[in-house]
Amino acid sequence: MTSKEKVAALREEMQKNNVDAFIVYSADPHMSEYLPQEWQERAWLSGFLGSAGFVVVTQDKAGLWTDGRYFTQAPIELAGSGIDLFKDGMEGTPNYIDWIISEIPANGKVAVNALATAHANWELLTQKLNAKNITLVDNPLLKQIWTDRGTPSKNPIFVHPVERAGKSVIDKIAAIRQKMEEQEATVHVIASLDDVAWTLNLRGSDVESNPVFLGYIIITKNDAILFTDLEKLEVEARKQMDESFVKMMPYEEFYNHLKEYKNQTVLVSPNSNQSIYEALKSDNQFIKAAVPGNLMKAQKNETELEGFRKVMVRDGVAMVKFLYWLTHNAGKEAMTEFSIGEKLRGFRAEGENFVGESFGSIVGYKDNGAIMHYSAKSEGSKEVTNDASILVDSGGQYLEGTTDITRTLALGAVSDDFKRNSTLVLQGLIRLSMVKFPKGTRGVQLDAIARLPLWMEGKDYNHGTGHGVGSFMNVHEGPQNIRKDMNPQELLLGMVCSNEPGYYLEGDYGIRHENLIAVKESETTIHGTFYEFETLTFCPFFKDTIVKEILSEEEISWLNAYHKTCEEKIAPFLEGEVKDWFLGLVSPL
């Protein structure tokens, strides 16, 4: 079926069930950003493949709400679906709940799949809809029309050893229990897949590019229980659970087990799915708060940070070899955006302990570079020659850590405006890399530092400057970020973030430069403790698109020192023409 036919089939189900509006969130029962194949409901229905966004369908209209990363991509993928694009966050775009209220009859009915709806969203919907005498119900209508969605994977669940995790399962659960006691919680439910994997020092591959597995954890004062597909647990994983006093139960028993808890105080994230709350609400009290382990996970210990440093060298070597190949073969041999991404994966796969990509590579040639999260298809992706610019955003999953890097370069002639804008973006990255900030600073307070060179020329970019990154874990990790939004989470020691300002000229080109950075202590003065960033990524920037006059002497010194570090880290692993070329790249500006 086409997306238009799928929407029509959904409307038939809505009519049968007297539903006036149906909301399809981009979510699974664990509220993941990247979803197992069988839970990609919004993508299946609409054809829109971005990682963020949701669809609302009424009897005569349909809309997709998504953010600025996808304003260029979404209209292309929605073409012919009958689904309109609503640019979330832009002036004039209605709130989706207000839009629903304006579009459906009084005393109407709105349906969602509670398994794929965050409790926080359910509560907000209930509050606003009930005020207009509109009923919210749990009715997973897509089950009736998406009948070939597949089944969960049988990929193994394996141990992430303490030698790489830096902290044992027993110690992690003890720390979580301490936080439970402080909050007077008697039961704690962990539903987010990365928090489940981190807590138990286990990894899997149930979600593409994310080393996680489907599972839940329940922790009480005396018990810890993992709910997962028990057949998938490797022998060493079972042994680790036994030695850590973690019971194991089948995944499908989770909701039945929840009903056994009575008169408890349950600590559960408001981002957990509504079905969890429904199973517990009649007999228990809730503490709706972030999973304690989420913040613990974000603050990397020294073992994890050392893992990052090791894989960044390995990843940097792969990137340099790839960039040499790309710059020396574009225009000489046939290649497409898709085949370039495959070639890059091949260079990474030569590295020790490479597990896979940390996300699908974004290879945007010429105007496709302006599509921020562009995904080249195997069929029909743009041919690449020795002309204009290309943006390559990619990353790897290694047993010791996760990488994420973007480089934008010229394969041929580019305009002076491109060079200027590329320099402004690089200047923003350098300024954020150099900053010192007092303990207690939030990411929102640093975001403007990276944007200022662009802002001074009336330019900006429509995405965050930085996101958290996991340790052999999800490439997007919270609770910290560096962006315009008012996130109250302060930046703490050991947090790893991306540093990725950009500039995009729709229909022409896109520019993004990205390194990973870690928060470390800088100094203590009479004004308190100050932090700074350690740059983790080792890969040179291309000097032929840098307008040196734009940069200050301090910024040039930073860049030259950075390139010197890249030389020290990477040159020993290169040889021949690749090494000679690389040494030219890292020579002083």
Subtract the Cα-Cα distance of T524 and S557 from 0.36 nm times their separation in residues, and report this length gain in nm to one decimal. 9.4 nm
Once both label points are put 7 Å beyond Cα along the C-beta direction, the L124-E306 separation in nm becomes 4.3
Label-to-label distance, nm, for residues given as K332 and D171 (7 Å Cα→Cβ offset): 5.1
Dimensionless Rg over Rh [the chain; C-alpha; Kirkwood]: 0.97
Say the cut-off is 25 Å between C-alpha atoms; which of K262/K297; K143/K288; K154/K382; K179/K288; K167/K239 go over it? K262/K297; K143/K288; K154/K382
Taking 8 Å as the Cα distance limit and 6 or more residues as the minimum spacing, I'd like the relative contact order of the range 468-589 as a percentage. 15
Anisotropy class of the range 56-125 from Cα gyration tensor, a/c 1.5 cut: prolate
Run the accessible area of the chain with a 1.4 Å probe and give the carbon-and-sulfur part as a rounded percent. 48
Whole-number percent relative contact order across the range 222-307, with pairs defined as alpha carbons under 8 Å at least 6 apart: 24
Rolling a 1.4 Å sphere over the protein heavy atoms, what is the accessible area per residue of the range 429-567, to the nearest Å²? 38
Where the centroid of each part is defined by its Cα atoms, how far is the range 484-501 from the range 522-537 in Å? 14
How much accessible area per residue does the range 216-292 have, in Å², with a 1.4 Å probe? 50
Can you tell me, using C-alpha contacts under 8 Å and at least 6 residues apart, the relative contact order of the chain as a whole percent? 11
Per residue value of the accessible surface for the range 1-104 (all protein chains in place, 1.4 Å probe), Å²: 40
Could you calculate the FRET efficiency of E12 with N256 from 1/(1 + (r/R0)^6), where r is the beta carbon distance between them and R0 is 35 Å, rounded to 0.05? 0.60
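The values are calculated or read from the model by the stated rules, or taken from the named source; none is laboratory data. What you see is a predicted model, and the numbers here were worked out from it, not measured in a lab. Reconstructed Cβ throughout: ideal geometry from the backbone, glycine too, with neighbour counts over all protein chains shown. Please note that ligands, DNA and RNA were not included when accessible areas were found on the heavy atoms of the full protein model with its side chains. Shrake-Rupley method; radii C 1.70, N 1.55, O 1.52, S 1.80 Å.
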